[in-house]
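The values are calculated or read from the model by the stated rules, or taken from the named source; none is laboratory data. Please read these numbers as outputs of a predicted model, since none were measured by experiment. Heads up, the Cβs are rebuilt from the backbone with ideal geometry, glycines too, and the neighbour counts pull from every protein chain shown. For accessibility, only protein heavy atoms count, side chains too; no ligands or nucleic acids. Shrake-Rupley method; radii C 1.70, N 1.55, O 1.52, S 1.80 Å.
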Amino acid sequence: MPDISPDQAVLGRGTLVLPADLGIEQVHDLRRILDDVLTQTTPVEIMAADVARIHAAALQLLAAFCRDRRQAGTMTRWSQPSTTLRQAVENLGLSPWIELP
């Protein structure tokens, strides 16, 4: 599986585009990208339309990212979450942290 590169993941300031595959193999790269974005004080939009595979570890990272940004008073907005992502968030009970539209 290919790595997630910051150039592919971030389209312009404040927009994070998640790839189709967020398997365990991509968790290290996802964490690095989320760490870079975490400190932004401007709103962040996460585009998740392409997510077709997501590991529980990736969901945990996303939940912690959203929690930390909420605690810092910064806005995180989800855009076009895929059915796969919606089902995974619901199945793992992460809706309180990953607030999908």
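Does A49 fit the bill of being in a helix (DSSP H, G or I) and either of a type in the set (A, V, I, L, M, F, W, C) or in contact with a strand residue (DSSP E or B) (Cβ under 8 Å, 6 or more places away or on another chain) (or both)? So that I can check it myself, show each step before the final result.
On the way: in a helix (DSSP H, G or I): no; either of a type in the set (A, V, I, L, M, F, W, C) or in contact with a strand residue (DSSP E or B) (Cβ under 8 Å, 6 or more places away or on another chain) (or both): yes.
It is false that A49 is in a helix (DSSP H, G or I) and either of a type in the set (A, V, I, L, M, F, W, C) or in contact with a strand residue (DSSP E or B) (Cβ under 8 Å, 6 or more places away or on another chain) (or both).
Only residues that are under 16 Å from E90 (Cα atoms) and open to solvent by less than 40 Å² (accessible area, probe 1.4 Å): list them for segment 24-60, please.
Scanning segment 24-60 gives A48, V51, I54, A57, A58, L59.
If you take the residues of segment 57-100 that are of a type in the set (V, I, T) and assigned to a helix (DSSP H, G or I), which of them is nearest to T42 (Cα to Cα)?
That would be V89.
Going through A72, A88 one at a time, which residue ends up being of a type outside the set (F, W, Y) and open to solvent by 30 Å² or more (accessible area, probe 1.4 Å)? Give the derivation first.
Values: A88 fails: open to solvent by 30 Å² or more (accessible area, probe 1.4 Å).
Exactly one residue qualifies, and that residue is A72.
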